[in-house]
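Engineer: I'd like to ask some things about the structure below.
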Amino acid sequence: MSTDCKKTTATDIPSTRRVSINDAAHMPLDYSTTPGGTLFSTTPGGTRIIYDRKFLLGCRSSPVAKTPPRGLPKIPGVTSPPSKDTDEKAHNGELPNNVTAPDGSNTGDDSQFEIDI
Amino acid sequence: MNNKFDALKDDDSGDHDQDQGSPKDGEKEKTEDEDQNIKKKSLSDVLQMVLPGAGEHPLQYNYTFWYSRRTPGRPASTQSYEQNIKQIGIFASVEQFWRFYSHMIRPGDLTGHSDFHLFKEGIKPMWEDDANKMGGKWIIRLRKGLASRCWENLILAMLGEQFMVGEEICGAVVSVRFQEDIISIWNKTAGDQATTARIRDTLRRVLNLPPNTIMEYKTHNDSIKAWEDFHGLVNPSGGL
């Protein structure tokens, strides 16, 4: 699990630089770069907040992200254990999303599975 | 928003309401109505506007998680659809997203005929919403067992603004059905081919789909017509 998230401190969005795009060919191939250069977390015009998958997954382990949200509605089988008879069993409100996938299997693109449809 | 380049040029303001004309105007009116409803509630409700917490990573937009499940044995209708859909919550930051996500079941473990919807705050996951009515969706049908992983990849790409189509994305849906699961992503302007092509290409990339995966684009207008045909409804104005 990446820990990038914890190490990063919030900073202001860099000052805006305008880059005019008149042709699709001027757009960068890589979605994490911008025309005229790379600005992390920003896009042409400089205001889009971009995060890649690995970074987002890294934030999952921060303490804030683990506390239950306020006002979470209780929907049996969706936000709370499936049915009354399982209420007092091992689940204890723990839902499958909370059980992180096996180590190393959910960070980085190299671990992506092949879909066979 | 006519094309993505307009979107790029005007992006500086960070204002979500910069579109000229078309669906947005209607949406504004609706928002004002909703604002008035909010004013009827207590001030504390208004103060509960969702914002990123200190030190959290803000998202480009606030999003709302919804859940819906078809009531067994009752005929579907637009009204019952709206009644069956439940709001799970709104979030404004990456950390707040994980709070919700980690306390929700994975879509692959849902039972019955149910859906998770993740839409930008203010857009209802309904064809009729002003933001959606000119729009459409890319649909990918998945064999059982793939929904949880694909859904996670899809929504992470949406939250992280990987689609690069300006204001066009409305939301994403995962639909759990009897023999298959379906994921879809909705955008505002079905007629904007540059946008829909870009969404398709991004989907292939973020979902790691093999080149022969069938992806279908369906306009909400067609969805509405198909739904009306299926339910034997006749257009009141005498058409159809």
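The values are calculated or read from the model by the stated rules, or taken from the named source; none is laboratory data. All values derive from a computational prediction rather than experimental measurement. Counting neighbours? That spans all protein chains shown, and the Cβs are built from the backbone with ideal geometry, glycine included. Keep in mind that these areas ignore ligands, DNA and RNA; they rest on the heavy atoms of the full protein, side chains included. Shrake-Rupley method; radii C 1.70, N 1.55, O 1.52, S 1.80 Å.
Engineer: Which whole number gives the average count of other chain Cβ atoms within 10 Å of the Cβ atoms across peptide B:51-64? Please list the in-between numbers first.
Structural biologist: On the way: counts 0, 1, 1, 2, 5, 5, 11, 3, 3, 6, 1, 0, 0, 0.
Partner Cβ neighbours, averaged per residue: 3.
Engineer: Something else now. With +1 on each Lys and Arg Cβ and -1 on each Asp and Glu Cβ, how big is the dipole of the stretch B:80-172 about its Cα centre, in debye rounded to the nearest 20? If you can, show how the numbers build up before the last one.
Structural biologist: Working: 11 positive and 12 negative charges, 103 e Å.
Dipole magnitude for the stretch B:80-172 comes out near 500 debye.
Engineer: Counting only other chains, and only Cβ atoms inside 10 Å, what mean value do you get across the residues of B:153-165? Kindly include the intermediate steps, with their values, before the conclusion.
Structural biologist: On the way: counts 4, 0, 1, 7, 5, 0, 4, 12, 9, 6, 1, 7, 0.
Shielding by partners across B:153-165 averages 4.
Engineer: Full extension from B:Ala226 to B:Leu51: what is 0.36 nm times the residue separation minus their Cα-Cα distance, to one decimal in nm? Can you show the working numbers first?
Structural biologist: Working: separation 175, 0.36 × 175 = 63.00 nm, distance 3.92 nm.
Gain on extension, B:Ala226 to B:Leu51, equals 59.1 nm.
Engineer: Place the peptides B:141-152, B:182-193 in order of packing, highest mean first, counting for every residue the other Cβ atoms within 10 Å and averaging per peptide.
Structural biologist: Numbers: B:141-152: 18.8, B:182-193: 21.2.
Packing order, densest peptide first, comes out as B:182-193, B:141-152.
Engineer: Can you give me the distance in nm between label points at A:Arg70 and B:Asn84, each placed 7 Å from the Cα along the Cα-to-Cβ direction?
Structural biologist: My value for the distance between the label points is 3.3 nm.
Engineer: Sticking with this structure for a sec: When you look at the Cβ of every residue in A:74-80, what mean number of other chain Cβ atoms sits within 10 Å?
Structural biologist: Partner Cβ neighbours, averaged per residue: 6.
Engineer: Using a 1.4 Å probe and counting only protein heavy atoms, arrange A:Tyr51, B:Tyr217 so the residue with the most accessible area comes first. Mind showing how you got there, number by number?
Structural biologist: Values: A:Tyr51 15, B:Tyr217 60 Å².
Largest accessible area first, the residues go B:Tyr217, A:Tyr51.
Engineer: Based on Cα coordinates alone, diagonalise the gyration tensor for the stretch B:148-240, multiply each eigenvalue by 5, take square roots, and list the semi-axes in whole Å, largest first. Walk me through the numbers on the way to the answer.
Structural biologist: Numbers: eigenvalues 151, 59, 27 Å².
After diagonalising the Cα gyration tensor, the semi-axes are 27, 17, 12 Å.
Engineer: By accessible area of protein heavy atoms, probe 1.4 Å, what ranking do B:His113, B:His57 get, highest first? Let's see the in-between values first.
Structural biologist: Details: B:His113 60, B:His57 20 Å².
From most accessible down to least: B:His113, B:His57.
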